[in-house]
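FYI, it's all coordinate maths here, none of it is from the lab. Bear in mind the structure is a predicted one, so any value in this text is a computation, not a measurement. Here the Cβ positions follow ideal geometry from the backbone for every residue, glycine too, while neighbour counts run over all protein chains shown.
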Amino acid sequence: MLGTRKGLAVFEKGPQGNYLQTQMHFLGIPVSIAAVDERNGTWWALLDHGHWGCKVHKSTDEGKTWKELESPKYPEGEEIKDGVPASVKYLWAFAHGGKDRPEELFLGSEPGGLFHSKDQGTSFQLNRGLWEHPSRKEQWFGGGRDFPGIHSIIVDPRDSDHIFVGISCAGVFESRDGGTNWIPKNKGLKADFLPDANSEIGQDPHLLVASKNHPDYLWQQNHCGIFKSENGGELWEEVGQKAGEGPANFGFAIAVDENKPEVAWVVPANSDQIRVAVDGALCVCRTDDGGKTWKDFRKGLPQENCFDIVFRHALDKSGETLAFGTTTGNLYLSDDYGESWKSLSNNMPMIYSVEFY
C-alpha cells in the first residue's frame, strides 16, 4: 500500500510471485500516509488537499468504499507561538492503540500536535499533556517544514499507556500514563546544527521505530546520523558510519527486525545539503550487529546518475521481504532480507509511504 503525491496505490502479489498494481484511490490527491490497522484490517488514508486542507478517510472493506471522517482540529485560541494561531498544516503520522483498546487511534501533525481518538476516528482530541509541555513554544521548531511536526508514534505492545513520539525538531518524548505527562528522551543524541549539540530539546529524529517483539530496543534515523537505544530511550548511542567508512549516515527511513532487534536497514542519502543518492548510486544498508558494522546492498538498484531518496515512511518490512519507494516514483522490493532488489514500477508519483498489509 503506497501513499503517493497523486493518490493511494495498492500492489498485490500474483500467483507467479510478481506484484501488480490492482487499485488506485483518491486519484490526483496527495496521500501523506496510507496505513492499515492490524487489529481489524481497516485501511486509513490521510490526505493533503492543496486547497481543502487535511482530510481523514477510512475503509473497512479493503478499499471498496471509503468514509470521510471529521479531521482533527486545534481548539479555538490555540497558538503555535504567541500570536500565531494553530491549525493543522499536515497529517504526518498514524498509529493504532494497543490490542486491549480496539477503538484507540493516534495522529501526529504539523505544527506538533498529537491527536487521540477513542472511537475509531469518529472524533479526535488534542493531547494536552504534550501540547502544553513547557518546552514547546520556545524550543520546538521546524526543520524541513515550517513548523515542528510529529512524524513517529510508538505504542508499547506491553502497555497501552506507554507511548513514544518523534518530533522534528524537538526530539523523542515519552509518556507512561497514557499521554497525561511527557518527558524528553534525548540523552546521547546530537544536533550539530545547534549551539549546544547535546541540548535536551531541539534534536531532529527523522524517524523513530521499535522492534515489535523487543520494544525496549529503539532505532532512529536522525538528521545527524543513526542512533539506537537498548533501554527504551534512556540512552542513545550513535551507530552510523563515519565519513570514509561507508554510506550509512544521513537519511530519512529506517526499519528494524521484529525478532532480531540488532538488525536494521536504512536507505542513505548524500547529506543534508545534497539530498540525492550517495555518489549517484542507490543502495540499502543493513546492520546485523546493532550498528557495529554495516553492509551496503546494490544488486538491482541504479548505480549511476541516480537522484532518488526515500522519505521517512517509505520503507517497510514483512518477514524477509522489504519494499521502499522513492521521491522520483520508483518502487523496489526484496525477498532476501534486502540483499537484492527488483523494480515493481518506475512510473509512480512521488512516494510518501509504503506499508505491507
query: Placing +1 at every Lys and Arg Cβ and -1 at every Asp and Glu Cβ, with all other atoms neutral, what dipole size does the chain have around its Cα centre, in debye to the nearest 20?
result: 680 debye
field: Filter on LYS58/LYS260; LYS67/LYS137; LYS58/LYS299; LYS185/LYS242; LYS190/LYS242; LYS187/LYS299 - keep pairs with C-alpha separation over 26 Å
entry: LYS58/LYS260; LYS67/LYS137; LYS58/LYS299; LYS187/LYS299
- request: Could you let me know the centre-to-centre spacing of the range 1-74 and the range 168-191, using Cα atoms, in angstrom?
  value: 29 Å
message: Let me spell out the model: positive unit charges on the Cβ of Lys and Arg, negative unit charges on the Cβ of Asp and Glu, origin at the Cα centre of the range 1-69. What dipole size does that give, in debye rounded to 20?
response: 120 debye
- line: Ranked by GNM mean-square fluctuation in the chain (Cα springs under 10 Å), the top entry among LYS89, LYS228, LYS190 is LYS89
statement: For the range 159-171, in residue order, the Karplus 3J(HN,Hα) values (coefficients 6.51, -1.76, 1.60; θ = phi - 60°; whole Hz; Gly and Pro = x) are 7, 5, 8, 9, 9, 10, 10, x, 10, 10, 10, 7, x
- prompt: Lys/Arg Cβ at +1, Asp/Glu Cβ at -1, dipole of the chain taken about the Cα centre: which of CYS283, GLY112, ALA9 is farthest positive-ward?
  reply: ALA9
query: How much net charge surrounds LYS55 when only the other residues with a Cβ under 10 Å from the Cβ of LYS55 are counted, with Lys and Arg +1 and Asp and Glu -1?
result: -3
- request: Before rounding to the nearest 500, sum -39500 (n - 2.57) across all DSSP H runs of length at least 4 in the chain and divide by the residue total; then give [θ] at 222 nm in deg cm²/dmol.
  value: -500 deg cm²/dmol
message: If R₀ is 51 angstrom, what is the calculated FRET efficiency for the pair ALA281 and THR180, using the beta carbon separation as r and rounding to 0.05?
response: 0.60
query: Which of the peptides 331-337, 145-151, 119-125 is most tightly packed, and how do the rest follow, judged by the mean count of other Cβ atoms within 10 Å per residue?
result: 145-151, 331-337, 119-125
message: Quick check: residue separation of GLU200 and GLU237 times 0.36 nm, minus the Cα distance between them. What number comes out in nm?
response: 11.8 nm
Per-residue HN-Hα couplings for the range 23-29 [Karplus 6.51, -1.76, 1.60; θ = phi - 60°; Hz; x = Gly/Pro]: 9, 9, 10, 6, 4, x, 10
Dipole magnitude of the range 200-357 about its Cα centre (Cβ charges: Lys, Arg +1; Asp, Glu -1), debye to nearest 20: 420 debye
message: I need to check one value: relative contact order of the chain, counting alpha carbon pairs closer than 8 Å and at least 6 residues apart, in percent.
response: 10 percent
